[in-house]
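Have a look at the structure below, then the notes.
Rule-based calculations on the coordinates, nothing more; no lab input. Bear in mind the structure is a predicted one, so any value in this text is a computation, not a measurement. Cβ coordinates were reconstructed from backbone atoms using ideal geometry, including for glycine residues, and neighbour counts include every protein chain displayed.
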Amino acid sequence: MSFPHKRADFPDDFIFGVATSSYQIEGHAKGGAGRTHWDDFAATPGNVVRGETGALACDHYTRYAEDLDLVQAGGFDAYRFSISWARVMPDGVNINPEGVDFYDRLTDAMLERGIHPCATLYHWELPSSLADKGGWRNRDIAHWFADFTQAIMSRIGDRMSSVAPINEPWCVAWLSHFLGEHAPGLRDIRAAAHAMHHVLLAHGSAIETMRALGMTNLGGVFNMEWADPVDNSPQATRAAARYDGIYNHWFLSGVFKGEYPQIVLEGLEPHLPDRWQDDFPTIQSPLDWVGVNYYTRKRIAPETDLTRPGWPALREVDGPLPKTQMGWEIYPEGLYQLLTRTTRDYTGDLPLFVTENGMACADQREPDGVNDPARIAYLETHLAQVKRAIQDGVPVQGYMVWSLLDNYEWALGYEKRFGLVHVDFDTLERTPKSSYHTLANALRS
């Protein structure tokens, strides 16, 4: 199918890339990696579809050269990858030379192919030994994370094009400690409040550590969802604002304003750690760019179920728009709205990058390949919103597709396919989909 975008439609220095994460693709059972809280979470019946884990995943650990060849052949400028804390430090403290060597080889392999290495230090893989000590509930995690940052970036930091400490703080803290949908699977407001604060303290500590190493082009990556009230009632409007505050404003406000939104503090302040206000100088460590991960919007209503009393008193309501395999509404305008609002209210002239955007489809490999027209349409409409934002003066400097490969989709196991490249999880054969070929043609044009 035709694709209306080409490289020349974007600024000359605009970066196109693809993104992955370590536990989702590497194969965690190889290379001396230690146990993570995701291994523990998946071993608990009922947490993950069919109890699947990332033990093998896509075996990127041994097949990384083949995968980077796909990045290069697709015409992508950058590869956004993450580093497994438990591979570098299996017990969260002591360094595993084999793990550090892997990321050293991976970095050199990218550079040999002319690919910009864009690292994320943490994409949800906490060593189990640190989870046993309280994990993100424990203030000491900021020091543990700084030590991990020092260990890996003192080896490969000189060759990074960019680095962000933590992927999607909302998922690390709220989704995992309040909603209980990801490891460690807690539903505890006090645990969530501590994690919501400590994830930003760890972020700032890592930035300070990398600055001390002389590194530049350091950023923060935040997942964002546009929040619309289900109707015009004051109750729905207030509920949507509360959702927006928890999901979006808490993290941006902490990093850029040194404060948390009052609409969220109404529920979380009694549960925050002592002297939390004293940590903002570290949390506000200056950034060089900000990444936005965007997939969908949410329609929010006030909670009406009397069996679920108390804060935050909101619920998600199914929307009318077409949906992805994840059940997420396809709402491209939300990307434009969030890019423009983030620039206006928080980041100003700071460069923005769309660090994740993509959709899950029930892709099937056929004799003629893997045809995924819905994904092509999704990417087309979201890139149009990126162009719109640039035309309106938003300093967007890059766009990265999630994901290069079909992979382990956390609690959903291997069912949901986000990749530009199809992976047969029995044979591990890679097959580029029509979306991959379409983007490659656009980037070459």
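Along the stretch 120-125 the Karplus relation, 6.51 cos²θ - 1.76 cosθ + 1.60 evaluated at θ = phi - 60°, assigns HN-Hα couplings of 10, 6, 9, 10, 5, 9 Hz to successive residues, with x for each Gly and Pro. Think of the chain as a dipole: +1 on every Lys or Arg Cβ, -1 on every Asp or Glu Cβ, centred on the Cα centre; then among ALA313, GLY34, GLY419, ALA313 lies furthest on the positive end.
Computed over every Cα-Cα pair of the stretch 140-244 and binned at 10 Å starting from 0, the pair-distance distribution P(r) comes out as 14, 34, 29, 16, 6, 1 percent. Diffusion coefficient (Stokes-Einstein, Kirkwood radius over C-alpha pairs, 37 °C, 0.692 mPa s) for the stretch 1-105: 208 µm²/s, rounded to a whole number. Structural descriptor for the stretch 389-437: relative contact order 25 percent, calculated from alpha carbon pairs under 8 angstrom and at least 6 residues apart. Across the stretch 395-445, the volume of the C-alpha convex hull divided among the residues equals 91 Å³ per residue. With contacts taken as Cα pairs under 8 Å at a separation of at least 6 residues, the chain carries a relative contact order of 18 percent. For VAL221, the residues 5 or more places off, or on other chains, whose built amide H falls under 5 Å of its own are ILE166, GLU168, GLY291. Once backbone amide H atoms are built at 1.01 Å from N, GLU356 has VAL292, ASN293, TYR294, MET400 as its partners under 5 Å, excluding neighbours fewer than 5 places away on the same chain. Can you compute the modelled spin-label distance between ASP158 and THR427, with each label point 7 Å from Cα toward Cβ, in nm? Each label point lies 7 Å from its Cα, and together they span 4.4 nm. Coordinate range of the alpha-carbon atoms in the stretch 322-370 per principal axis, descending: 49, 21, 13 Å. Between ASP91 and LEU306, full extension at 0.36 nm per residue minus the direct alpha carbon distance yields a gain of 73.0 nm.
Based on DSSP H segments of at least four residues, each scored -39500 (n - 2.57), the chain has a per-residue ellipticity at 222 nm of -10500 deg cm²/dmol. Length gained on full extension, LEU321 to ARG275: 12.2 nm, using 0.36 nm per residue less the C-alpha separation. Charge dipole of the stretch 143-217 (Cα centre as origin; +1 on each Lys and Arg Cβ, -1 on each Asp and Glu Cβ, all else neutral): 60 debye, rounded to the nearest 20. A crude spin-label estimate for the pair ASP392 and LYS6, with each label 7 Å from Cα along the Cβ direction, gives 2.7 nm. For the chain, the membrane-span-like helix rule (DSSP H, alpha carbon extent of at least 24 Å along the helix axis, mean Kyte-Doolittle at least -1.0) picks out 189-212, 373-391; this says nothing about an actual membrane.
Set the Förster radius R0 to 30 Å, insert the Cβ-Cβ distance between ASP147 and GLU259 as r into 1/(1 + (r/R0)^6), and round the FRET efficiency to 0.05.
Values: r = 28 Å, r/R0 = 0.94.
After rounding, the FRET efficiency stands at 0.60.
Direction-averaged shadow area of the convex hull around the Cα atoms of the stretch 20-82, nm²? Provide the component values of the computation, followed by the final result.
On the way: hull surface 19.3 nm².
Computed as one quarter of the Cα hull surface, the answer is 4.8 nm².
Overall, the ratio between the Cα radius of gyration of the stretch 130-176 and 2.2 N^0.38 Å, rounded to two decimals, is 1.33. Convex hull of alpha carbon positions in the stretch 54-154: directionally averaged projected area 6.7 nm². Starting from the Kirkwood Rh over alpha-carbon pairs, what translational D in µm² s⁻¹ does the chain have by Stokes-Einstein at 25 °C and 0.890 mPa s? Answer from the Stokes-Einstein relation: 112 µm²/s.
Under the simplified labelling scheme, the ALA29-PHE14 pair shows an inter-label distance of 4.3 nm, with each label point 7 Å from Cα along Cα→Cβ.
Quick one: work out Rg over Rh on the C-alpha atoms of the stretch 344-445, Rh as Kirkwood radius.
On the way: Rg = 15.7 Å, Rh = 15.0 Å.
The Rg/Rh ratio comes out at 1.05.
For the stretch 97-121, backbone nitrogen atoms closer than 13 Å to the point 7 Å from GLU66 Cα along Cα-to-C-beta are found at no residue. Between the amide H of GLU26 and those of CYS58, HIS60, distances stay under 5 Å, these residues lying 5 or more places away or on another chain, with hydrogens modeled in the peptide plane.
Look at where the Cα atoms of the stretch 1-29 and of the stretch 205-234 average out, and the two centres are 20 Å apart.
Using only C-alpha positions, report the orientation-averaged shadow area of the convex hull of the stretch 177-322, nm², one decimal. Let's see the in-between values first.
Values: hull surface 41.0 nm².
Computing the convex hull of the Cα atoms and averaging its projections yields 10.2 nm².
Work the Kirkwood hydrodynamic radius out for the stretch 289-333: mean of 1/r over every pair of different alpha-carbon atoms, inverted, in Å.
On the way: mean 1/r = 0.0792 Å⁻¹.
Radius from the Kirkwood sum: 12.6 Å.
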